[in-house]
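*Asks:* This is the structure I have questions about; it appears just below.
The values are calculated or read from the model by the stated rules, or taken from the named source; none is laboratory data. This one's a predicted model, so the numbers in the text were calculated from it and none came from an experiment. Glycine also receives a Cβ, built like all others from the backbone with ideal geometry; neighbour counts cover every protein chain displayed.
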Amino acid sequence: MPTSSSAMLPGMSRKLSAKPRITIVGAGNLANALAHALREAGYEIEQIVSQLQPASLRRARRLAREVGASAAITSRGRIQSEVVWFCVPDRAIAATANFLAASADWSGKVALHSSGALASDELAALRSRGATIASVHPLMTFVPGSRPSLAGVPFAIEGDSAAVRVARRIVKNLGGRAYSLQKEDKAAYHAWGTFASPLLTALLVAGEHVAAAAGIERKAAKKMILPLVRQTVANYAALEAAQAFSGPIIRGDIETVKRHLHTLRRFPLAQDVYLSLAQAALAYLPGKNKSALVRALKSSARNRRGS
């Protein structure tokens, strides 16, 4: 006897539906941005699952209200959604998956996590109970008070083929760009992303301390440097890196570099950053008088170690 196309056998997942119901585990910065983006893309957010701690539960309840979901506690929730997306810190992914393994019939469900450094295998406890699993990492920064658009954002995906297919469809609906990544390459991939955002922030903050040596207060320094930073990023985006590179190294201005290194002795951490980046510039980018510049940098590094 033929059945309706919407009928499902017991334990069967709705994972093949165009826009499956989604439960998000976690209520931090990523979860917040992702939940809103999914809702705007037409997905039903069924639950926001959090820990019992008061602050976590408050965030979960607030986010659930905003996206029309219910808030649940990890120790009490029963998960019905076809897709469960883990947005918890890396160190907690495997433990949270293990803890939630008994909270649902995982047969046919899709479990995703969004660690940039860890592979989908962190969710192995759910695979053993019938789920297909994948890691889905947006190459974007998420901080309090900011909810970036996911349109155009690259998402690195690896995992079981069935889960990858579902993840790719979700990313497409979010306006993102999905691409495959091998699990053994995830640490290098995440290190690359760390250069582009958190370490870039660290570089700019180190620069604020150097600005103080020029008599420029840190808040003013931040405002003053932004046009330069924006134009540098615009040049990098529009041109080849070699064409976007400027300053004393490309000119081979050894005396200026030596003056920089001399004044930076008062700021040992900033001097270390300068030395490392200057060495990278000499290795990867064009410049004049490279041999002499290398010697100057090595000399400064030796003096730094000997001080």
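*Asks:* Can you pull out the residues in region 97-137 that are of a type in the set (Phe, Trp, Tyr) and more than 25 Å from LYS172 (Cα to Cα)?
*Replies:* The answer is PHE99, and nothing else.
*Asks:* Same structure, new question: Would you mind finding the one in PHE142, PHE155 that is out of contact with any Phe, Trp or Tyr (no Cβ under 9 Å at 6 or more places or on another chain), aromatic (Phe, Trp, Tyr) and modelled with pLDDT of 95 or more?
*Replies:* Numbers: PHE155 fails: out of contact with any Phe, Trp or Tyr (no Cβ under 9 Å at 6 or more places or on another chain).
Testing whether each residue is out of contact with any Phe, Trp or Tyr (no Cβ under 9 Å at 6 or more places or on another chain), aromatic (Phe, Trp, Tyr) and modelled with pLDDT of 95 or more leaves just PHE142.
*Asks:* Wholly within region 160-239, which helices (runs of 4 or more DSSP H) include no fewer than the required count, namely at least 1 residues that are touching a helix residue (DSSP H, G or I) at 6+ places or on another chain (Cβ under 8 Å) and under 30 Å from PRO20 (Cα atoms)?
*Replies:* 161-174
*Asks:* Could you please find all residues in region 260-303 being of a type in the set (Lys, Arg) and either not assigned by TED's automatic domain parsing to the domain that holds VAL205 or not in a helix (DSSP H, G or I) (or both)?
*Replies:* Keep residues of region 260-303 that are of a type in the set (Lys, Arg), which gives 265-266, 288, 290, 295, 298, 302.
The answer is LYS288, and nothing else.
*Asks:* Now for a different question. Could you tell me whether SER246 is hydroxyl-bearing (Ser, Thr, Tyr), more than 27 Å from VAL153 (Cβ to Cβ) and either in contact with a His (Cβ under 6 Å, 6 or more places away or on another chain) or loosely packed, with under 15 Cβ neighbours inside 10 Å (or both)?
*Replies:* Numbers: hydroxyl-bearing (Ser, Thr, Tyr): yes; more than 27 Å from VAL153 (Cβ to Cβ): yes; either in contact with a His (Cβ under 6 Å, 6 or more places away or on another chain) or loosely packed, with under 15 Cβ neighbours inside 10 Å (or both): yes.
Criteria met by SER246.
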